[in-house]
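The values are calculated or read from the model by the stated rules, or taken from the named source; none is laboratory data. Computed from a predicted structure; not experimentally measured. Note that we place each Cβ from the backbone using ideal geometry, even for glycine, and neighbour counts take in every protein chain shown.
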Amino acid sequence: MTRPDPSTPRTRFAPSPSGFLHLGSARTALFNWAYARRHGGQLIIRIEDTDAERSTRESERAVLEGLEWLGIDWDEGPLRQSERSDRHLAAVERLLATGRAYRCRCTKEELEQRRTQTIAAGNKWTYDGRCRDLELAEDCGPHTVRLRLPAHGELAWDDLVFGPSGQDASEIGDRIIRRSDGQPLYHLAVVVDDVEMGITHVIRGADHHPNTPLQIALYRALDAEPPRFAHVPLIVGDAGKKLSKRRDAVSIQEFQQQGFLAAALRNWMIRIGWSCGDQEIFSSEQICQSFDLAAVNRSSAQADADKLLWLNQHYIKELPNSELVEALIPFLSHEISQSVTPSSGLSQLVELQRERSRTLVEMARLSRWYASDVIEYADKAVQKQLNAGIRAPLRDLHDALAKLATWSDESVKSCFEAVLARHDDLKMGQLAQPVRVALTGGTVSPGIFETLAVLGQPRSIERIAAALDMIPAA
RNA sequence: GCUCCCAUCGUCUAGCGGUCUAGGACGGAGCCCUCUCAAGGCUCAAACACGGGUUCGAUUCCCGUUGGGAGCGCCA
């Protein structure tokens, strides 16, 4: 076996394709990607689909699309573990031939019985070695294959995140590496694949930390040099409880549908469990420049949705106009159930809404008055703002606006000033709010002059006229 | 139950024995700006889990307690 060369790291992301790309997995992928990019190495994608019952091509595609959307690119793969079972089985045969593994005839039921007895007695269960020295042959009947572990000896490694780690071999016990149906087991498959793919750095969730001694034993049995391991802290839900798919473990696709930008999600994820001084904002390039496993924390972290919202608005504010328009269009189309196309008005609108929106969904909602002429009037706002007292000034404003030869922030503003001058005691706010309700149906919008300017003269006048008709008689 | 891991503001974190009256960010509160909502500016509240050591000196090192997490499959 070749010794991995850590100077050009090869990392891998090995999702099991059941369901969608999940937040915790995505962050693991991001860490692998960042590490590989930082050190000029490669990232390999390997689909761990050996559990045929739970794996589907559909979720494999969803996982890959999620990675692409996040801007995580890879250098090799996707390879499928299911297509490599001959390699895994060959490794088992090698171990059998060298006596590093042996056949075991203990049945599931027998094992279960002995296990519960041991645990009931307050001891930790490890395989008791009943078949260990029986030297069972191929024709011994239904059997599994177990890895033969030394009775004692440290299975230790220096974790890039957790530091010196390890367990004694006696704590692990001889574990099954091939099922009685002839299929290889996860740990064996992973190790064989990582060896044959030349993986130098295994960066994965901390839930695998306790599995690592077994895998180290497997590397040794296969005469392979173990890679460097880095276990990254888990992301937990509210109250520090395990992230539950049902409750809070939102898939990457869901974040996308909720109107989050990939840049924001990336920035958010990279900062969960990792920091770089006081820096909060990280572009893709900055992630690749500064990511460092040594600075990764050891304690599990809660994902803070408010921070994501803040980051998302930050990136919305920074996105170039054309990209923001493009990003918004699907959300806006969905909002008004009608297809929307780019326009100069939409470009202007987006400039007004970007600092008012934390997500694209929110931006679409705030922009529906522009995209559609079907106004959703808020009853409370109509009642309060469109009252008899405003009829005369509003009529006055309507007429002035109708006569305008040029339509702009400035010309519209001059109309307001003229109306205000003609009506004693009328304040800007008292006029602007009714106009806002007339234009948008509600009390929230960009500045009133900007709103009018973007909407355009015909639509604005039409809406003010409609509002005038809604004012009840005094 | 057993093994292992973790522990700074509500949250993400800085801190790697004295620079800590513990810094930043999100969130919260207040003020300013203001035609609404935002954005922006300024200010404030908010943490070293607890108990023992070690040391001239512990947020930082060690031990214990408590709390939390992970693992203990012929799942991945």
Considering segment A:155-186, residues that are surrounded by fewer than 19 Cβ atoms within 10 Å (Cβ to Cβ), under 19 Å from A:ALA90 (Cβ atoms) and under 33 Å from the mean Cα position of the chain (by Cα), and then whichever is farthest from RNA strand B (Cβ to nearest atom), we arrive at A:GLN183
Look at segment A:29-58 and say how many of its residues are under 18 Å from A:GLU254 (Cα atoms) and modelled with pLDDT of 95 or more. 2
Read through the list (1) over 18 Å from A:ILE272 (Cβ atoms); (2) buried (at least 20 other Cβ atoms within 10 Å of the Cβ), then give the number of the only condition that A:GLU68 fails. (2)
Being touching a helix residue (DSSP H, G or I) at 6+ places or on another chain (Cβ under 8 Å) and modelled with pLDDT of 95 or more is true for just one of A:SER372, A:SER322. Which residue is that? A:SER322
From A:ARG436, A:ARG463, A:ARG395, which residue is near RNA strand B (Cβ under 10 Å from one of its atoms) and either in a helix (DSSP H, G or I) or farther than 23 Å from A:GLN348 by Cβ (or both)? A:ARG436
Checking A:ASP194 against (1) near RNA strand B (Cβ under 10 Å from one of its atoms); (2) in contact with a strand residue (DSSP E or B) (Cβ under 9 Å, 6 or more places away or on another chain), which test does it fail? (1)
Here are the criteria: (1) at pLDDT 95 or above; (2) in contact with an Asp or Glu (Cβ under 7 Å, 6 or more places away or on another chain). Tell me which single one A:ASP193 does not satisfy. (2)
Quick one: which residue in A:SER275, A:SER180, A:SER251 is without any contact (Cβ under 8 Å) to a residue 24 or more places away in the chain and among the hydroxyl-bearing types (Ser, Thr, Tyr)? A:SER275
Just one of the numbered conditions (1) in a helix (DSSP H, G or I); (2) crowded, with 19+ Cβ neighbours inside 10 Å; (3) in contact with a Leu (Cβ under 7 Å, 6 or more places away or on another chain) is not true of A:PRO446; which one? (1)
Can you name the number of the only condition in (1) over 22 Å from A:LEU30 (Cα atoms); (2) within 16 Å of RNA strand B (Cβ to nearest atom) that A:ARG94 fails? (2)
Helices (runs of 4 or more DSSP H) fully within segment A:44-134 counting 2 or more residues that are under 34 Å from the mean Cα position of the chain (by Cα): A:57-70, A:85-97
Take the residues in segment A:341-360 that are among the β-branched types (Val, Ile, Thr) and within 15 Å of RNA strand B (Cβ to nearest atom), then tell me which one is farthest from A:LEU311 (Cα to Cα). A:VAL350
Matching residues in segment A:143-154 - criterion: being more than 7 Å from RNA strand B (Cβ to nearest atom) and modelled with pLDDT of 90 or more: A:HIS143, A:VAL145, A:ARG146, A:LEU147, A:ARG148, A:LEU149
Top-ranked residue of segment A:305-326 - restricted to ones that are among the aliphatic types (A, V, I, L, M) and out of contact with any Leu (no Cβ under 6 Å at 6 or more places or on another chain), ranked as farthest from A:ILE272 (Cα to Cα): A:LEU324
Taking first residues from segment A:136-154 that are within 19 Å of A:ARG175 (Cβ to Cβ) and second residues anywhere that are of a type in the set (Gly, Ala, Ser) and in a loop (DSSP other than H, G, I, E, B), the pairs with Cβ under 6 Å that are 6 or more apart or on different chains are A:PRO142/A:SER180; A:THR144/A:SER180
Of residues in segment A:104-124 being of a type in the set (S, T, N, Q) and near RNA strand B (Cβ under 8 Å from one of its atoms), the one surrounded by the fewest Cβ atoms within 10 Å (Cβ to Cβ): A:ASN123
Within segment A:275-319, can you find the residues that are of a type outside the set (A, V, I, L, M, F, W, C) and assigned to a loop (DSSP other than H, G, I, E, B)? A:SER275, A:GLY277, A:ASP278, A:GLN279, A:GLU280, A:SER283, A:ASP292, A:ASN297, A:ARG298, A:SER299, A:SER300, A:ASP304
A:ARG422: passes all of (1) out of contact with any Pro (no Cβ under 9 Å at 6 or more places or on another chain); (2) surrounded by fewer than 17 Cβ atoms within 10 Å (Cβ to Cβ); (3) farther than 28 Å from A:SER357 by Cα but (1)
